[in-house]
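Since the structure comes first, as structure tokens, the remarks are kept for the end.
The values are calculated or read from the model by the stated rules, or taken from the named source; none is laboratory data. In this text, all values refer to a predicted model and were calculated from it rather than measured experimentally. Heads up, the Cβs are rebuilt from the backbone with ideal geometry, glycines too, and the neighbour counts pull from every protein chain shown. The protein model used for the area step is the full one, side chains on, heavy atoms only, and it has no ligands, DNA or RNA in it. Shrake-Rupley method; radii C 1.70, N 1.55, O 1.52, S 1.80 Å.
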Amino acid sequence: MITSSTVFGHDCDPAEYADIDPVRLLSMWIPAPGAAPPPLMALATVAEDGYPRARHVLLSEYRDGAVRFHTDATSAKVAELRATPRAAVTVAWPEIGRQVSVCGDISSSEPQHDRTVYARRGRYLQLLAWLNTPEVAALDPERRHATWARFDAEHPQLEPPPNWLGFSLEPRELTFWRGDPLGPSQRTRYRRTDDRWTVEVLPG
Ligand SMILES: Cc1cc2nc3c(=O)[nH]c(=O)nc-3n(C[C@H](O)[C@H](O)[C@H](O)COP(=O)(O)O)c2cc1C
């Protein structure tokens, strides 16, 4: 069973939320790499037609005040992020009544960190990063499985594929939602203007 102590390293008293740096607060909410399975987050991008697109990706790590995720360079989301380098992500922990939403500006992450993140991924995800291609997807299940098994057997050690790409999301707005089994839920929203954060407490 997931509890706040298995998901989070620390938290602070909600009474302190008005004074805390939200970048630090987020580091309390996001588990350190390796401490727990990487959280799944909904990632929204702006598509060329002006409509948002959303999908789930793993939160690779939260480091130096930025949320990092990894994907395939040929994916639609990468084209969207290159055209409009802005995004929003949301992670929910319904079991413990938490959600955090972040929106902000996108930049590429550093290649040496991309390699570290790849090395941390389990074998299945390392293989998937190589074999998640249109050619393999078009095969019937038998050939798809045979292609996977052959590649797996031929590559006991894997490096990141050339299409493995990391992005950093630097927050400009963070909203921390806390459920409360004894009463109404509550949000604390931080917005960055210039170098200052403004904070608001909102209904959940
Ligand atoms: C549990 C789960 C985890 C996923 N993790 C990732 C991920 O870390 N990176 C990624 O590119 N896609 C991940 N995906 C697949 C994406 O949701 C999406 O289908 C894919 O990246 C293509 O998205 P796009 O065409 O919008 O770019 C994951 C899907 C699920 C259901």
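A compact table of results
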| read-out | value |
| --- | --- |
| Conditions (1) free of Cβ contacts under 8 Å to residues at least 24 places away in the same chain; (2) open to solvent by less than 70 Å² (accessible area, probe 1.4 Å); (3) not hydrophobic (A, V, I, L, M, F, W, C): number failed by Tyr190 | (1) |
| Residue under evaluation Glu95, criteria (1) under 20 Å from Asp105 (Cβ atoms); (2) surrounded by fewer than 16 Cβ atoms within 10 Å (Cβ to Cβ); (3) of a type outside the set (Val, Ile, Thr); (4) more than 9 Å from the ligand (Cβ to nearest atom), criterion not met | (1) |
| Sole residue being under 27 Å from the mean Cα position of the chain (by Cα), exposed (fewer than 14 other Cβ atoms within 10 Å of the Cβ) and either among the basic types (Lys, Arg) or at negative phi (or both), chosen from Glu154, Glu142, Glu159, Glu170 | Glu159 |
| Unmet criterion (only one of (1) open to solvent by 50 Å² or more (accessible area, probe 1.4 Å); (2) touching a Phe, Trp or Tyr at 6+ places or on another chain (Cβ under 8 Å)) for Arg53 | (2) |
| Hits in region 112-139 (condition: more than 16 Å from the ligand (Cβ to nearest atom) and surrounded by 13 or more Cβ atoms within 10 Å (Cβ to Cβ)) | Leu139 |
| Pairs with Cβ under 7 Å, 6+ apart, first in region 117-140 and over 23 Å from Ala32 (Cα atoms), second open to solvent by 50 Å² or more (accessible area, probe 1.4 Å) | Leu127/Trp148; Leu127/Asp152; Leu131/Trp148; Val136/Arg144 |
| Filter result (hydrophobic (A, V, I, L, M, F, W, C), in contact with a Pro (Cβ under 8 Å, 6 or more places away or on another chain) and over 18 Å from Arg86 (Cα atoms)) within region 170-196 | Phe176 |
| All positions within region 23-63 that are closer than 27 Å to Glu200 by Cβ and touching an Asp or Glu at 6+ places or on another chain (Cβ under 9 Å) | Leu25, Met28, Trp29, Ile30, Thr45, Val46 |
| Tabulated pairs, region 49-70, first more than 8 Å from the ligand (Cβ to nearest atom), second open to solvent by 80 Å² or more (accessible area, probe 1.4 Å) and not polar (S, T, N, Q), C-beta under 7 angstrom, 6+ apart or interchain | Gly65/Glu170; Ala66/Glu170 |
| Residue that is under 26 Å from Pro134 (Cα atoms), open to solvent by 40 Å² or more (accessible area, probe 1.4 Å) and within 12 Å of the ligand (Cβ to nearest atom), where the choices are Ala79, Ala87 | Ala79 |
| Residue count for region 36-50, restricted to those that are open to solvent by 70 Å² or more (accessible area, probe 1.4 Å) and either within 16 Å of Pro94 (Cα to Cα) or touching a Pro at 6+ places or on another chain (Cβ under 6 Å) (or both) | 2 |
| Segments classed as helices (runs of 4 or more DSSP H), wholly inside region 93-196, with at least 2 members that are at pLDDT 95 or above and of a type in the set (D, E, K, R) | 141-154 |
| Candidates Arg53, Arg63 - the one that is basic (Lys, Arg) and modelled with pLDDT under 95 | Arg63 |
| In region 85-132, residue farthest from the chain's Cα centre (by Cα) [restricted to those that are hydroxyl-bearing (Ser, Thr, Tyr) and closer than 25 Å to Ser185 by Cβ] | Ser101 |
